[in-house]
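Data first, discussion second: the structure below is written as structure tokens.
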Protein chains: 2
Amino acid sequence: MKTRDKILLSSLELFNERGERNITTNHIAAHLAISPGNLYYHFRNKSDIIYDIFQEYEKLVDYYLDIPEDRGLTLEDLTFYLESVFDGLWSYRFFHRDLEYLLDSDPRLRQDYREFTNRCLAAIDRIFGKLAEGGIIAPQPEELRSAMSLNVWLVITNWMAFLKTAHAADAQSNLTLTELKQGIYQVLTLELPYLTPEYRERVLVLREKYRPTLPVAQDQVVRQASVAGGAR
Amino acid sequence: MKTRDKILLSSLELFNERGERNITTNHIAAHLAISPGNLYYHFRNKSDIIYDIFQEYEKLVDYYLDIPEDRGLTLEDLTFYLESVFDGLWSYRFFHRDLEYLLDSDPRLRQDYREFTNRCLAAIDRIFGKLAEGGIIAPQPEELRSAMSLNVWLVITNWMAFLKTAHAADAQSNLTLTELKQGIYQVLTLELPYLTPEYRERVLVLREKYRPTLPVAQDQVVRQASVAGGAR
DNA sequence: CTATTATTAGAGTATATACTCTAGGCAGTC
DNA sequence: GACTGCCTAGAGTATATACTCTAATAATAG
């Protein structure tokens, strides 16, 4: 593999594991056992590495969110979209963690990310439209649909942050793809009230597959205890 | 005012304006025209400053989210909760921006924040319960209610990040409390399907007050254009 | 007034970080 | 075998950052 690609791969890996803020260019070089000079031969600065990685991410999600023009969507389509989006989120999970700082330090990234968000929102919106076409959800007014899409986006992009901040008892305990995908449960919760009677049961079954298991159950216990004891 | 309090106040102000990551202890001292030594006389390290600020935040939100035991909730109560929570979010807005890093670098903070989140989730859950009691929303099964509460939490805590990353065209354009409170529109969107017929209209009117106006409207235009042009 | 304690200044430091610069190796080509 | 273009090593640097140390000044108690 080309050095350039190795740099991108290692950077992504290290960023995901320990956060962009905690990884310096020297770390990346050391991890690859190459010199800093070598790294800077391939990338002008750290921002450029991140920008490159973002563009991969963007491409991946755009590829996933390609929505057929000619037909309504099935439940399998919906599952595919949800699974794919969370897979993408997982692979590039460092990105949303330091998003604001990253956008502040790279105007290109800010611009691109803005457009990326808008494309995603539009895609979610169209998915809702096509789910209605497929008879899975009842058609909703334009205005409500776009507000719903935005809520779906908020839940999707921030589910991981929730897990990492509220869920994990310590910094070390790193989360799994399975836990991340429990976000699908939350997204489907958003859609429940809009399901057509014919599909309601089937979506409930699908949703059940992603229901949080043990870890969150423990969390619930803690919560109850805390409330009982700490109510003022 | 005591130097200690001035440090806390200035820190909060600078963190909110420019992000914790961009503000050093030397910045804070310089801003107050005191020496670094003086700052470190009052606080052992930067983490301690942040921890203190968090505790203020915690106290504020806990105070806001004190839910009456003896009665159902009115629409005025709901408005108060929503307004208050977004006010709190606004005053301590730096906090959620670098949340993951902050929790990683201070175990006390991680523990406290975890419990804080659980208290908030429990409060949202109880609000839903009391809204049902007040005849505003239809009662829902325990399980659905807690998943809904979690979604409300996700939308509330991440609405600002959305505005700052997807909405603002550049880093400088700082957002306003008014824009932030348009998050209430999103939260009420979540609740729409569960409203009782008697209250539905009134909540829709309330929601309308928070509807995003100009800025997001512009955003919509951009979005549409981008989709039309960039669809692959 | 004196002794003690609380507060402050300000120079200084160890470490980290992003990045540069120079010299050289290596593969292919004429 | 010399030339060329790509790649790499590694020492080095300017700046920043969190924090320390000492000495001096204000505040307070007896």
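Values quoted throughout were computed directly from the atomic coordinates according to the rules given, and no laboratory measurement underlies them. No experiment lies behind these values; they were computed from the predicted model shown. When we count neighbours, we look across all protein chains shown, and the Cβ atoms used for this are built from the backbone with ideal geometry, even at glycine.
Exceedance of the 25 Å cut-off in Cα-Cα distance is limited, within the set A:164/B:164; A:46/B:164; A:46/B:6; A:6/A:181; A:181/B:209, to A:46/B:6; A:6/A:181; A:181/B:209.
Taking Lys and Arg as +1 and Asp and Glu as -1, the other residues whose beta-carbon sits under 13 Å from that of residue B:27 total 0. Shown for residue A:56: label points 7 Å from Cα along the beta-carbon vector, and their distances to the equivalent points in the other copies, 4.2 nm in ascending order. Averaged over A:147-160, how many beta carbons belonging to a partner chain fall within 10 Å of each residue's beta carbon? Other-chain Cβ atoms within 10 Å of each residue's Cβ, averaged: 5. Here the relative contact order of the stretch B:1-99, from alpha carbon pairs under 8 Å that lie six or more residues apart, stands at 37 percent.
Phi-derived couplings, Karplus 6.51 cos²θ - 1.76 cosθ + 1.60 at θ = phi - 60°, listed residue by residue for the stretch B:63-69: 5, 4, 8, 7, 9, x, 7 Hz, with x used for Gly and Pro. Computed per residue of chain A from DSSP H runs no shorter than four, each worth -39500 (n - 2.57), the mean residue ellipticity at 222 nm is -23000 deg cm²/dmol.
What FRET efficiency, computed as 1/(1 + (r/R0)^6) with R0 = 25 Å and r the Cβ-Cβ distance, is obtained for residue B:174 and residue B:87, rounded to the nearest 0.05?
Using R0 = 25 Å, I get an efficiency of 0.90.
Rounded, prolate or oblate: which one fits the protein assembly as shown, using the alpha carbon gyration tensor with axes a ≥ b ≥ c (rounded when a/c is under 1.5, else prolate when a/b beats b/c, else oblate)? Here the protein assembly as shown falls in the oblate category. Using the average count of surrounding beta-carbon atoms within 10 Å as a protection proxy, the listed peptides B:139-151, A:34-46 rank, highest first, as B:139-151, A:34-46. Counting from the shortest, the label point at residue A:202, 7 Å from Cα toward Cβ, is 4.0 nm from the same position in each remaining copy.
Calculated FRET efficiency, residue B:1 to residue A:41, Cβ-Cβ distance, R0 = 60 Å: about 0.65 to the nearest 0.05.
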